[in-house]
Amino acid sequence: MKTLRTQVLIVGAGPSGLLLGQLLHKAGVANLIVERQTGDYVLGRIRAGVLEQTTVDLLDEAGVGARMHAEGLEHHGFELMFDGQRHHIDLSRLTGGKSVMVYGQTEVTRDLMEARAAVGEQTLYSASDVELFGFDGDIPGARCTVNGERIEILCDYIAGCDGYHGVSRASVPADAIKTHEKVYPFGWLGLLSDTPPVSHELIYGRHERGFTLCSMRSATRSRYYLQVPLTDQASDWSDERFWHELRLRLDPAAAAALVTGPSLEKSIAPLRSFVAEPMRFGRLFLAGDAAHIVPPTGAKGLNLAASDVRYLSQALIEHYREQSRAGIDHYSARCLSRIWKAERFSWWFTSLMHNLPHEPEIDAKLHRAELEYVVSSEAAMTSMAENYVGLPW
Ligand code: APR
Ligand code: PHB
């Protein structure tokens with residue numbers, strides 16, 4: 001068996017693991033990433049694409065912001081649609097000038113991968129049977145198989161950035177971790193197409209046929225979502241059926257302006273709220289989707305992953321530079337305070353915008369009243385806007 005050594009072993013080369021690796025590298029902390037999939041597979045996953053200003057700042061700090069600034073779209077507002085009408089939420093006016101950046105997670109991941117390759121930090125792709133050991137003692141590490149060869153990696157700390165289905169959270173003894181979970185009784189059917197977006201801003205719509213979201217990746221690439229029953233398969237939805245259903249859920253002006261075209265990708269994602277507590281177990285830290293999931297309404301997933309990585313990179317860098325344990329000891333509490341607030345917002349926005357199958361009429365009426373309140377009260381709109389652009393660190 002081959003043995004490798006590093007300071008921080010990162011499990012998972014999604015946005016959390018890659019961003020952590022880049023920030024540690026910049027501070028001179030050695031790190032190695034093990035990833036179960038190939039790089040191309042990781043880049044094939046299509047996910048949300050709205051970055052808070054704090055995430056943009058962190059990507060800049062990591063030195064990977066150039067393409068994002070050149071190609072990303074700065075958005076100063078979005079539209080809430082219900083009862084066939086759109087209402088503008090002016091994020092910048094309501095938040096003292098803040099905005100969000102529309103730039104796909106796939107592109108963030110690509111920029112991070114390229115930056116990592118350029119500085120020559122090691123990533124072991126296609127690593128199977130990853131097993132963690134020793135994180136409750138002083139010599140943690142992992143064993144895995146790469147190209148048929150068994151490899152042992154010894155390290156000081158392990159960062160579990162391996163997503164919801166990863167090995168890191170699963171390696172923690174059941175009595176040391178508490179999980180909280182809510183699964184929503186509907187999914188999102190997403191479609192990506194090389195067509196101009198229907199509006200220059202994102203549209204979040206509530207409709208009696210179900211929620212819809214009109215988003216984008218660029219001036220020529222759109223991303224649309226429809227609320228669908230969990231029993232549906234993507235193959236049940238031809239492109240024609242998708243476009244027809246989307247039109248039915250839009251206001252007349254948007255339905256008329258919608259440009260359709262062949263789908264580049266179509267898939268159904270379930271919606272879940274999930275938090276694991278705490279997020280540190282001795283020398284193992286969880287970060288990103290390994291520790292928490294939000295439903296995508298509001299696009300908080302990647303932003304929360306970035307805030308975990310910010311706290312974790314600061315804690316580890318401070319520890320190596322100053323022998324301080326403060327950041328390490330406070331990591332979990334600092335992350336969770338921000339996570340629960342974003343969980344609350346994502347759950348609220350999801351509940352407000354979707355309708356449940358066989359929903360009692362009173363619930364639909366209450367949601368409509370709440371939507372009317374949100375668009376007519378400066379206080380309610382400000383609360384929505386400050387959460388959407390991202391709460392302070
Ligand atoms: N060993 C090694 N790698 C693994 C293992 C394992 N046992 N299990 C999973 N992985 C890898 C996955 O293949 C994936 O590339 O860990 C990576 C985790 O990446 P993500 O799931 O993208 O999670 P994260 O980096 O935390 O990103 C959070 O992704 O789902 C969105 O909303 C979420 O935008 C947020 C972001
Ligand atoms: C997306 O563009 O994929 C997207 C945007 C906003 C969301 C969710 C997803 O709230």
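Restricting to the range 85-127, count the residues that are away from ligand 1 (no atom under 15 Å from the Cβ), touching a residue at least 60 places away in the same chain (Cβ under 8 Å) and under 30 Å from ASN31 (Cα atoms). Don't jump to the end; show me each part of the working.
Taking the range 85-127 as the starting set, the residues that turn out to be away from ligand 1 (no atom under 15 Å from the Cβ) are 85-99, 114-115, 117-121.
Filter once more, keeping what is touching a residue at least 60 places away in the same chain (Cβ under 8 Å): 85-91, 94-95, 98-99, 115, 119, 121.
Filter once more, so that each one left must be under 30 Å from ASN31 (Cα atoms): 115, 119, 121.
Within the range 85-127, residues that are away from ligand 1 (no atom under 15 Å from the Cβ), touching a residue at least 60 places away in the same chain (Cβ under 8 Å) and under 30 Å from ASN31 (Cα atoms) number 3.
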Selection from the range 153-175 of residues away from ligand 1 (no atom under 11 Å from the Cβ) and within 30 Å of THR350 (Cβ to Cβ) yields VAL172, ALA174
Can you pull out every residue in the range 136-172 that is out of contact with any strand residue (DSSP E or B) (no Cβ under 8 Å at 6 or more places or on another chain) and over 16 Å from VAL275 (Cα atoms)? GLY137, ASP138, ASN147, GLY148
In the range 348-393, residue surrounded by the most Cβ atoms within 10 Å (Cβ to Cβ) [restricted to those that are of a type in the set (Val, Ile, Thr) and in contact (Cβ under 8 Å) with a residue 40 or more places away in the chain]: VAL389
Out of all the residues in the range 318-347, which are of a type in the set (Gly, Ala, Ser) and either in contact (Cβ under 8 Å) with a residue 24 or more places away in the chain or open to solvent by 40 Å² or more (accessible area, probe 1.4 Å) (or both)? ALA326, SER332, ALA333, SER337, ALA342, SER346
Name the one entry in THR260, THR231 that is in a loop (DSSP other than H, G, I, E, B), crowded, with 18+ Cβ neighbours inside 10 Å, away from ligand 1 (no atom under 16 Å from the Cβ) and at pLDDT 95 or above. THR260
Among the residues that make up the range 51-73, is at least one of them at pLDDT below 95, at negative phi and within 13 Å of ligand 2 (Cβ to nearest atom)? no
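Is it true that ALA62 is out of contact with any strand residue (DSSP E or B) (no Cβ under 8 Å at 6 or more places or on another chain) and crowded, with 18+ Cβ neighbours inside 10 Å? Before you say what the answer is, go through the steps one by one.
Values: out of contact with any strand residue (DSSP E or B) (no Cβ under 8 Å at 6 or more places or on another chain): yes; crowded, with 18+ Cβ neighbours inside 10 Å: yes.
Here the answer is yes, as ALA62 does meet what is asked.
Within the range 206-237, can you find the residues that are within 12 Å of ligand 2 (Cβ to nearest atom) and more than 16 Å from LEU192 (Cα to Cα)?
Filtering the range 206-237 down to residues within 12 Å of ligand 2 (Cβ to nearest atom) leaves 211-218, 221-225.
The one that is within 12 Å of ligand 2 (Cβ to nearest atom) and more than 16 Å from LEU192 (Cα to Cα): PHE211.
Residue-by-condition table, conditions (1) within 16 Å of ligand 1 (Cβ to nearest atom); (2) out of contact with any Leu (no Cβ under 7 Å at 6 or more places or on another chain); (3) in a strand (DSSP E or B):
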{"residue": "ASP138", "(1), (2), (3)": "no, yes, no"}
{"residue": "ILE151", "(1), (2), (3)": "yes, no, yes"}
{"residue": "HIS180", "(1), (2), (3)": "no, yes, yes"}
{"residue": "GLY187", "(1), (2), (3)": "yes, no, yes"}
{"residue": "GLU208", "(1), (2), (3)": "no, yes, no"}
{"residue": "GLN227", "(1), (2), (3)": "no, yes, yes"}
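The values are calculated or read from the model by the stated rules, or taken from the named source; none is laboratory data. Since this is a predicted model, take the numbers as computed values, not measurements. Using ideal geometry, Cβ is built from the backbone for each residue, glycine included, and neighbour counts are taken over all protein chains shown. Keep in mind that these areas ignore ligands, DNA and RNA; they rest on the heavy atoms of the full protein, side chains included. Shrake-Rupley method; radii C 1.70, N 1.55, O 1.52, S 1.80 Å.
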